[in-house]
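Nothing in this text is a laboratory measurement; each read-out follows from the coordinates by a stated rule. Note that the coordinates shown come from a computational prediction; the quantities given were computed from them, not determined experimentally. Please note: Cβ atoms are built from the backbone with ideal geometry, for glycine as well, and neighbour counts cover all protein chains shown.
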Amino acid sequence: MSQIEQRLQDLKEIAIVIDSWDDIFSDFDPRPLNERTVSGDFIEELKKRYKETRKGNFIIKICAPVSLKEEESERKVVQRLKKEFRFRQLRRKKSLVRIRIRGIIFVLIGVSSLTFLTLATYFKFLSQLRIEMLNIVLMPLGWFGFWEGLSKLIDTSPAPAQEAVLFEKLAKATYQFNYIEAEVKPAKA
């Protein structure tokens, strides 16, 4: 398969039909297009379509009525969408880093607790009563911290990572606008 054929196969098209800019942005946000909040419904629809075609780069075709045709509006919409998707991608990545850092902290606390308890028992630099009292607290803390930390490092939910990839692809996607004439349906008599 040639590189051109592979490139064409890797490009995926997601077409979405809108009636107004309120289908992309929140109905309740009166700010200009380049500042408006992106609609949750629009993002959910993109997520659904992404699940159908995960691989490759995306072309997002927004089909809109001719009345919305304006180059400045198109530029603002694309700019706002890319900015929003980059923001969401960074937020997901930060969330993953935060989970992993907590996992490392848990492991370190667990290992430190168990190490201290082992050293205190071996070198007997505390009285036997104090070692037994510390054993009651540090043993469960150590094992819990160790295993819970490993769990956070190894077995994190794949959802944040998958969403980070999704939002990265949406931020890098090509956005195209297709304008369609509205169909006029005759009224029934």
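What does the charge count near residue 120 come to, summing +1 for each Lys or Arg and -1 for each Asp or Glu among other residues with Cβ under 11 Å from its Cβ? Taking every Cβ under 11 Å from that of residue 120, the sum is +1. Take every pair of alpha-carbon atoms less than 8 Å apart whose residues are at least six positions apart; their mean separation over the length of region 3-180 yields a relative contact order of 32 percent. Of all DSSP beta bridges confined to region 3-180, the antiparallel ones make up roughly 5%. Here's how it looks for residue 176: its modeled amide H is under 5 Å from those of 60, 61, 62, which are all 5 or more places away or on a different chain.
Amide H contacts for residue 12 (H built 1.01 Å from N in the peptide plane; partners 5 or more residues away or on another chain; cut-off under 5 Å): 57, 58, 59. With Cα atoms as the point set, the chain shows a radius of gyration and Dmax of 27.0, 99 Å.
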